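Okay, structure first, notes after.
The values are calculated or read from the model by the stated rules, or taken from the named source; none is laboratory data. Predicted model, so just to flag it, every value in this text is computed and none were measured. Glycine gets a Cβ as well: all are built from the backbone with ideal geometry, and neighbour counts include every protein chain shown. Ligands, DNA and RNA are excluded from the accessible area calculation, which covers all protein heavy atoms including side chains. Shrake-Rupley method; radii C 1.70, N 1.55, O 1.52, S 1.80 Å.
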Amino acid sequence: MIRESLNAWRNVTEQLVHILDEREEGKRDAIIAQIEELLNQRDFLQPSIQEPFTEEEKTFGQALLSLEKILQAKLKVYMKDIRIDISDQQKKKVSVHAYMDPYNQVFRDGTFYDKKK
């Protein structure tokens, strides 16, 4: 007999894995909110998963560990995508400012510096 908390943990983890496959940028805020909610559910379930485990629960736990590795890999990829998007937005912001004020980097003391070597 497998404990209900272990089954609930597996269900939440499977939901997380499924949600992390969604890559649509327009839904990113909603997806992040769902991820946070599911991670909070896992935090709530974690204290109820304590030893002793039966043999059936041990084999079930091995399957959970492989699912957990998949989840961790997908979370890393998702975080990397978010970081890339943030850095792209920052680059766009800098280029927009450079376009709007192209003389911002010009030396104003009346001297000319030749940057060619």
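Miscellaneous remarks
- The residues listed here are Gln15, Gln34, Gln41, Gln46; of these, the one that is touching a Ser or Thr at 6+ places or on another chain (Cβ under 9 Å) and either surrounded by 11 or more Cβ atoms within 10 Å (Cβ to Cβ) or not β-branched (Val, Ile, Thr) (or both) is Gln46.
- Residue that is modelled with the highest pLDDT [pool: residues in region 70-115 that are of a type in the set (S, T, N, Q) and open to solvent by 70 Å² or more (accessible area, probe 1.4 Å)]: Gln72
- Taking the criterion of being open to solvent by less than 100 Å² (accessible area, probe 1.4 Å) and either of a type in the set (A, V, I, L, M) or in contact (Cβ under 8 Å) with a residue 40 or more places away in the chain (or both), the residues of region 1-12 that qualify are Ile2, Arg3, Ser5, Leu6, Ala8, Trp9, Arg10, Val12.
- Within region 83-95, residues that are on the phi < 0 side of the Ramachandran plot reach partners that are part of a helix (DSSP H, G or I) and not hydroxyl-bearing (Ser, Thr, Tyr) with beta carbons closer than 9 Å, at six or more positions or on different chains, in the pairs Asp85/Glu25; Asp85/Arg28.
- Where a residue in region 19-36 is in a loop (DSSP other than H, G, I, E, B) and its partner, wherever it lies, is open to solvent by less than 60 Å² (accessible area, probe 1.4 Å), with Cβ under 6 Å and at least six apart: Leu20/Lys74; Leu20/Tyr78; Glu22/Ile31
- In this structure, Phe60 does not qualify as outside any helix (DSSP H, G or I) and of a type in the set (A, V, I, L, M, F, W, C).
- Of residues in region 37-57 being assigned to a helix (DSSP H, G or I) and polar (S, T, N, Q), the one farthest from Glu4 (Cα to Cα): Asn40
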